[in-house]
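The values are calculated or read from the model by the stated rules, or taken from the named source; none is laboratory data. The shown structure was predicted, so the numbers you read here are calculated from the model rather than taken from an experiment. No Cβ is skipped: glycine too gets one built from the backbone with ideal geometry, and neighbour counts run over all protein chains shown. All accessible areas refer to the heavy atoms of the entire protein, side chains included, with ligands and DNA or RNA removed. Shrake-Rupley method; radii C 1.70, N 1.55, O 1.52, S 1.80 Å.
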Amino acid sequence: MGVLDIRDRQGIYLSSSEENEAKMMLHKVRGWPADMLSRVMEVRQIIEPLATAIAAVRRDDKDLSKMRECLRNLSELVEEPGEAAARESLIWNTTFHSVIVESAENAYLSRIYEGIHTVIEHSLSLMRIGTAPEKEGGPRSVYHDHLRLYERIEARDSAGAELCAEEHLRHSINAMVALGQIVPASNLFGQKLIGQARLL
């Protein structure tokens, strides 16, 4: 039927034509139900810090170069107001996080992460627009979070990178809760269900 594409040693995926159609449908959605986005952000909390910790060990110079390019572009957009700047900033934000996950050198993890960002893209853009630059989740705060993440990954500080990723996600979650995009119960870090705080 041409709907599925079986790739040797990689898995089963939507064929490119079906994938494009699915992406078009996702982009038409103006806002996901709060519960859907909340659950996806829970998955992000589970996956992203550990992926970042692994990336700090496995990353190479090419990965660092890609991260620096993202940071350069993000730094130019930090003080730019408006929806267009927020959308462009989101592209570099998504690329930055994708490069980190890809640096963990696990194709399955990368695929899962792609699915996460497909769902949250629109909401992240609204968060950037609706949050003051210096506040949690705002452009300036996000840029500094990314800078710290890069520094820990560059230093091959696996534990430090994991903690930075947790802190960055906390900021995003707090901003999304404040805007009513996700429910407070989806803050797994705050409930000490996952993350370093649960060990204290």
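For the pair ARG156 and ARG87, how long in nm is the line joining their label points, each one 7 Å along Cα→Cβ?
Placing both labels 7 Å beyond Cα along the Cβ direction yields 4.2 nm.
Once the piece of chain linking GLU76 and GLU105 is laid out straight, how much longer is it, given 0.36 nm per residue of separation minus the C-alpha distance between them?
Values: separation 29, 0.36 × 29 = 10.44 nm, distance 2.93 nm.
Taking GLU76 through GLU105 to full extension adds about 7.5 nm, to one decimal.
Under a point spin-label approximation (7 Å from Cα along Cα-to-Cβ), what is the GLU114-ASP35 distance to one decimal in nm?
Using points 7 Å along Cα→Cβ, the separation is 2.9 nm.
From the phi of every residue in the range 54-59, what ³J(HN,Hα) in whole Hz does the Karplus formula 6.51 cos²θ - 1.76 cosθ + 1.60 yield, where θ is phi - 60° and glycine or proline is x?
Whole-Hz 3J(HN,Hα) from phi for the range 54-59: 5, 4, 4, 8, 9, 4.
Quickly rank 157-167, 67-77 as a protection proxy: mean count of other C-beta atoms within 10 Å, highest first. Before the final figure, lay out each step's value.
Working: 157-167: 20.2, 67-77: 16.5.
Ranking, from highest mean packing down: 157-167, 67-77.
For the pair ASP60 and VAL183, how long in nm is the line joining their label points, each one 7 Å along Cα→Cβ?
4.5 nm
Output wanted: per-residue J couplings in Hz (rounded whole) for the range 174-185, from phi through Karplus 6.51 cos²θ - 1.76 cosθ + 1.60, θ = phi - 60°, x for Gly and Pro.
4, 5, 5, 5, 4, 8, x, 7, 9, 8, x, 5
Whole-Hz Karplus ³J(HN,Hα) for the range 81-88, in order, using 6.51 cos²θ - 1.76 cosθ + 1.60 and θ = phi - 60°, x for Gly and Pro?
Listing the rounded values in order: x, x, 5, 4, 5, 5, 5, 5 Hz.
Ranked by accessible surface with a 1.4 Å probe, highest first, in what order do THR52, THR118 come?
THR118, THR52
Hey, can you grab everything whose amide H is under 5 Å from the amide H of ILE182? Only 5+ residues off in sequence or another chain; H modelled, so Pro and N-termini drop out.
VAL177
Ordering ILE173, ILE112, ILE47 by accessible area with a probe of 1.4 Å, largest first, what comes out?
Values: ILE173 0, ILE112 85, ILE47 30 Å².
In descending accessible area the options line up as ILE112, ILE47, ILE173.
Using a Förster radius of 30 Å, what is the FRET efficiency between LYS192 and HIS144 based on their Cβ-Cβ separation? Nearest 0.05, please. Before the final figure, lay out the partial values.
On the way: r = 25 Å, r/R0 = 0.84.
Once the sixth-power term is evaluated, E becomes 0.75.
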